[in-house]
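Asker: Got a structure here, written out as structure tokens. Questions coming.
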Amino acid sequence: MERTVYSTVEDLISPDALALIQGSDVQDVGCEPFNSVDGLSGGKLWWVEAGGVVSRRYVLKRFGWDTDWVMRVTEDRQARAIVSWRTGLLDRLPDDISHEVVGCAQDGSGWAMLLHDASEAMIPPGDDIITAEDNERLADAMASLHATFWEQPQAADGKRGFCTLRQRYSAFAPRTVGLEASGPDPIPPVAVEGWRLFPGLVDQDVADVVARLLDEPAPLCDALLRYPQTVVHGDFKLGNLGIHADDRRVVLLDWAFVGAAPPAVDLAWYLAVNCARLPVSKEATIDSYRQSLAGRLGDRFDERWWRPQLELALLGGFLQLGWPKAWGAARSESEDVRERERAELAWWSERVREGAKRL
């Protein structure tokens, strides 16, 4: 079912629109900007207070090609997050995942999304290790998403504006992210520096594989297409995740990387981007996810596709996030962090070797 996208932000957050959204009269609306430590792409965030007999708070995110470097490096000219809402993809999520989006609008040349305020459910920012229970719950929700869209890649087809494998694995390549390095955003120059440092921190064979695929990811993309496809969120970082206390539904925000891919593409990103906060080993997290996915797929699960797509996806995860590990190993002011990131480089280097055999 196609959903209506409002023509302006003013229409989206008008008392009439908010009354329809929440099912109660809205007498006044207030807006106030705020910043989030996890908002690194360039979008602007606002609190929206809907006043009335029942007062509720929402989050308004405003973003566009001119301000959002992630949109540019992933060639996202149609705003995938908006496409996900408009086409009804988000309506098809399993019941144990909550996207929190209640409306979308055009915003001049950009876009805006209105979401329920789920701040109380979100994983707190910082460096604290999450609980083993929460880690298992997040892995299970990931498996739930993938099982729901199992072998339905058309639901997030790149021709409709969703993220392709090539866009996914080219986004953080030096020649792509380097185009953003002189801008105001802090991440691109760090990525460029991390990749510059990378060859001196890993073995030559690993550096060669990574360099070839960063320059041309087609061999990896073609190899991944040999295996079952589903819809992947693409950015299972803790800053986008939460767990509602009452029913343990998982909050899953920021659908800017959503697309079709084998399931382990999400898992690889989760392991790479959240490595410092995981309560158990990567192997244990992989096993937790695998058990959940196998339980949901039943006889559709098969080791003959599971292992090769996992090894290829882990190789891809390092293409996406090898740079912060190199940067941390060489540039962090903390010896503990440098040691941790050196261990990360060693672990992921082995995954590169395994994945390269599948190309």
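Asker: Out of these labelled values of Rg and Dmax of the Cα atoms in Å, [x] 24.1, 88; [y] 24.2, 78; [z] 20.3, 66, which was calculated from the coordinates shown here?
Answerer: Answer by label: [z].
Asker: Hey, what do the phi angles of the range 109-123 turn into as Karplus ³J(HN,Hα) couplings, whole Hz, using 6.51/-1.76/1.60 and θ = phi - 60°, x for Gly and Pro?
Answerer: Per-residue couplings from phi come out as 8, x, 9, 9, 10, 10, 10, 4, 6, 10, 4, 5, 8, 5, 4 Hz.
Asker: Mind checking which of V53, A17, T67 is farthest towards the positive end of the range 9-116's charge dipole, using Cβ charges of +1 (Lys, Arg) and -1 (Asp, Glu) about the Cα centre?
Answerer: The residue sitting most towards the positive pole is T67.
Asker: Provide the gained length on full extension for the span T131 to D95, in nm with one decimal, where the gain is 0.36 nm per separating residue minus the Cα-Cα distance. Walk me through the intermediate numbers first.
Answerer: Details: separation 36, 0.36 × 36 = 12.96 nm, distance 2.27 nm.
So the extension gain works out to 10.7 nm.
Asker: Ranked highest first by the average count of other Cβ atoms within 10 Å around their residues, in what order do 22-28, 246-252, 325-331, 345-351 fall? Don't skip to the end; give the middle numbers.
Answerer: On the way: 22-28: 13.7, 246-252: 16.3, 325-331: 21.4, 345-351: 19.0.
Those peptides, ordered most packed to least, come out 325-331, 345-351, 246-252, 22-28.
Asker: Across the range 154-160, in residue order, what do the Karplus-derived ³J(HN,Hα) couplings come to in whole Hz, using 6.51 cos²θ - 1.76 cosθ + 1.60 with θ = phi - 60° and x for Gly and Pro?
Answerer: 5, 5, 9, 5, x, 5, 9
Asker: Just going by the charge dipole of the range 132-356, with Lys and Arg at +1 and Asp and Glu at -1 on Cβ, which of Q167, I243, L197 is farthest out on the positive end?
Answerer: Q167
Asker: Taking H placed 1.01 Å from N in the peptide plane, check which residues at least 5 places from R249 or on another chain put their amide H under 5 Å from its amide H.
Answerer: Residues meeting the amide H criterion: H244.
Asker: Could you tell me which of L253, S7, Q154 has its Cα farthest along the dipole of the chain towards the positive end, charges placed at Cβ (Lys, Arg +1; Asp, Glu -1), taken about the Cα centre?
Answerer: Positive-end residue among those listed: Q154.
Asker: Okay, next question. So if I place +1 on the C-beta of Lys and Arg and -1 on the C-beta of Asp and Glu, and nothing else carries charge, what would the dipole magnitude of the range 205-266 be about its Cα centre? I want it in debye, nearest 20.
Answerer: On the way: 5 positive and 10 negative charges, 50 e Å.
Roughly 240 debye, rounded to the nearest 20.
Asker: What angle do you read, to the nearest 10 degrees and between 0 and 90, between the alpha-carbon axis of helix 264-273 and the longest principal axis of the chain?
Answerer: 90
Asker: Under the definition of Cα pairs under 8 Å and six or more residues apart, what whole-number percent is the relative contact order of the range 180-263? It would help to have the intermediate numbers written out before the result.
Answerer: On the way: 67 pairs, mean separation 20.9, N = 84.
Rounded, it is 25 percent for the range 180-263.
Asker: Let's test the formula: R0 of 35 Å, r as the Cβ-Cβ distance of T8 and H244. What FRET efficiency results, to the nearest 0.05?
Answerer: 0.65
Asker: Moving on. Under the rule of at least 5 residues apart or a separate chain, name every residue whose amide H is placed under 5 Å from the amide H of A118.
Answerer: HN-HN under 5 Å from A118: empty list.
Asker: Can you tell me the orientation of helix 204-215 relative to the chain, as the angle in degrees between its alpha-carbon axis and the longest Cα principal axis, to the nearest 10?
Answerer: 40
Asker: To the nearest 20 debye, what charge dipole does the range 9-116 have about its Cα centre, counting +1 at the Cβ of each Lys and Arg and -1 at the Cβ of each Asp and Glu? Spell out each step's value before the answer.
Answerer: On the way: 10 positive and 17 negative charges, 56 e Å.
For this selection, approximately 260 debye.
Asker: Quick check: the angle from helix 303-331's long axis to the longest principal axis of the chain, C-alpha only, nearest 10 degrees?
Answerer: Between helix and principal axis, roughly 90 degrees.
Asker: If the only charges are +1 at each Lys and Arg Cβ and -1 at each Asp and Glu Cβ, what is the size of the charge dipole of the range 132-356 around the Cα centre, to the nearest 20 debye? Show your work: numbers first, answer last.
Answerer: Numbers: 26 positive and 34 negative charges, 91 e Å.
Approximately 440 debye in magnitude.
Bear in mind these aren't lab numbers, they're just calculated from the coordinates by the rules spelled out. None of the values given here were measured: they were computed from a predicted structure. In this analysis, Cβ positions are derived from the backbone assuming ideal geometry, glycine residues included, and neighbour counts consider all displayed protein chains.
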